[in-house]
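The values are calculated or read from the model by the stated rules, or taken from the named source; none is laboratory data. As the structure is a computational prediction, the values presented were derived from the model and not from experiment. Quick reminder, even Gly has a Cβ in these numbers, built from the backbone with ideal geometry, and neighbours come from all protein chains shown.
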């Protein structure tokens, strides 16, 4: 979890619910991240919103947007990236797909 200073200290947490919301909004986590990295303020707002939902399920995207300014958006993007990285499993060098055992 990443502590982030907004309207008050808040905690970014990308849990399964946050990932489901991002999938609903973007189709995939990769798409969401790519749009934020391309400079989309809308994507940044949605990613931040999803990461804060664990604190307050009634929080809206517009409320989260009011917590961001052009002076802090780059730092917020960095913190979102750190929180997402911490939430994802480490790459073990395999493709992660289960393989059925050989029946012989």
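Here are a few things to note about the model shown:
- Neighbours by Cβ (under 8 Å, 6+ apart or cross-chain): first from the range 7-26, more than 17 Å from residue 43 (Cα to Cα); second loosely packed, with under 13 Cβ neighbours inside 10 Å: 7/66; 9/3; 10/3; 10/55; 11/3; 11/55
- For the residues 12, 29, the requirement of being under 21 Å from residue 89 (Cα atoms) and touching a strand residue (DSSP E or B) at 6+ places or on another chain (Cβ under 6 Å) singles out 12.
- If you go through the range 38-48 and pick out every residue that is touching a residue at least 24 places away in the same chain (Cβ under 8 Å) and more than 16 Å from residue 8 (Cβ to Cβ), you end up with 4.
- Hits in the range 1-22 - residues which are within 18 Å of residue 85 (Cβ to Cβ), over 10 Å from the mean Cα position of the chain (by Cα) and either at pLDDT below 95 or in a helix (DSSP H, G or I) (or both): 1, 2, 3, 4, 16
- For residue 25: the one exception among (1) at pLDDT 95 or above; (2) assigned to a helix (DSSP H, G or I); (3) within 11 Å of the chain's Cα centre (by Cα): (3)
- Of all residues in the range 34-49, none are over 16 Å from residue 77 (Cβ atoms) and in contact with a strand residue (DSSP E or B) (Cβ under 9 Å, 6 or more places away or on another chain).
- Filtered residues of the range 40-83 (kept if part of a helix (DSSP H, G or I) and surrounded by fewer than 17 Cβ atoms within 10 Å (Cβ to Cβ)): 41, 42, 61, 62, 63, 65, 73, 74, 75, 78, 81, 82
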